[in-house]
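The values are calculated or read from the model by the stated rules, or taken from the named source; none is laboratory data. Since we're looking at a predicted model, the values are computed, not measured. In this analysis, Cβ positions are derived from the backbone assuming ideal geometry, glycine residues included, and neighbour counts consider all displayed protein chains. What goes into the accessible areas is simple: the full protein's heavy atoms, side chains included, and nothing from ligands, DNA or RNA. Shrake-Rupley method; radii C 1.70, N 1.55, O 1.52, S 1.80 Å.
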Amino acid sequence: MDPLTNEEIKNIMNNLEAEALRSSTCQKKKVGAKFIFNRHSCIEPGGFSGPPEVLGQCNPCVRKNSIPYSDFTGCNSVHAEFKVLMKAYRFYGPSMSEGVLFVTHLPCYKCSIDIIYSGIKLVYYRYDAPDEYTKKIIELFERAKVILRKVE
């Protein structure tokens, strides 16, 4: 894929963040993800955090007051990154490694592993995790030679 300009990257991230606030049904955190294969092909809509529709909305949220990036026991929410990776694989198969992933928040450890396994080599994100997790996740992406770029 041709490199995106800084303006294009910021526009994609700003639109994704606004869309996540509207579309994410998770009560804990409004996260969005978008996969762009090339300038003319992206997964629409992206992925947004929340439970599968067949399970309905979580009520009450079992994680609402939990520590970020901690125990997910009892949580039915599917992470935005995982949802968009599944959609991208359906459309592009193994060639999805040529695309770029945008996420509103630094992925959790499990989503980071899923991203690395998908073969994607470039990930843009806006919000960090708590310090101790940010460092671990950045190190994980570095070990896998996946470029991780923070968008201000």
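Data table
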{"quantity": "Residues of region 97-113 satisfying the condition of being at pLDDT below 95, out of contact with any Gly (no Cβ under 7 Å at 6 or more places or on another chain) and part of a helix (DSSP H, G or I)", "calculated": "Glu98, Tyr109, Lys110, Cys111"}
{"quantity": "Within region 119-142, tally of residues that are in a helix (DSSP H, G or I), in contact with a helix residue (DSSP H, G or I) (Cβ under 9 Å, 6 or more places away or on another chain) and either within 12 Å of Val100 (Cβ to Cβ) or of a type in the set (D, E, K, R) (or both)", "calculated": "1"}
{"quantity": "Residue check, Gly56 in contact with a helix residue (DSSP H, G or I) (Cβ under 9 Å, 6 or more places away or on another chain) and at pLDDT below 90", "calculated": "no"}
{"quantity": "Count - residues of region 86-108 that are closer than 25 Å to Tyr133 by Cα and either touching a His at 6+ places or on another chain (Cβ under 8 Å) or open to solvent by less than 40 Å² (accessible area, probe 1.4 Å) (or both)", "calculated": "9"}
{"quantity": "Condition met for Lys28 (outside any loop (DSSP other than H, G, I, E, B), at pLDDT 75 or above and not aliphatic (A, V, I, L, M))", "calculated": "no"}
{"quantity": "So Tyr124, is it farther than 13 Å from Phe37 by Cα and either surrounded by fewer than 17 Cβ atoms within 10 Å (Cβ to Cβ) or out of contact with any Gly (no Cβ under 7 Å at 6 or more places or on another chain) (or both)", "calculated": "yes"}
{"quantity": "Region 1-39, subset open to solvent by 80 Å² or more (accessible area, probe 1.4 Å) and acidic (Asp, Glu), residue nearest to Arg90 (Cα to Cα)", "calculated": "Asp2"}
{"quantity": "Scan of region 75-96 for residues that are in a helix (DSSP H, G or I), under 14 Å from Gly50 (Cβ atoms) and not aliphatic (A, V, I, L, M), ordered by number", "calculated": "Glu81, Phe82, Lys83"}
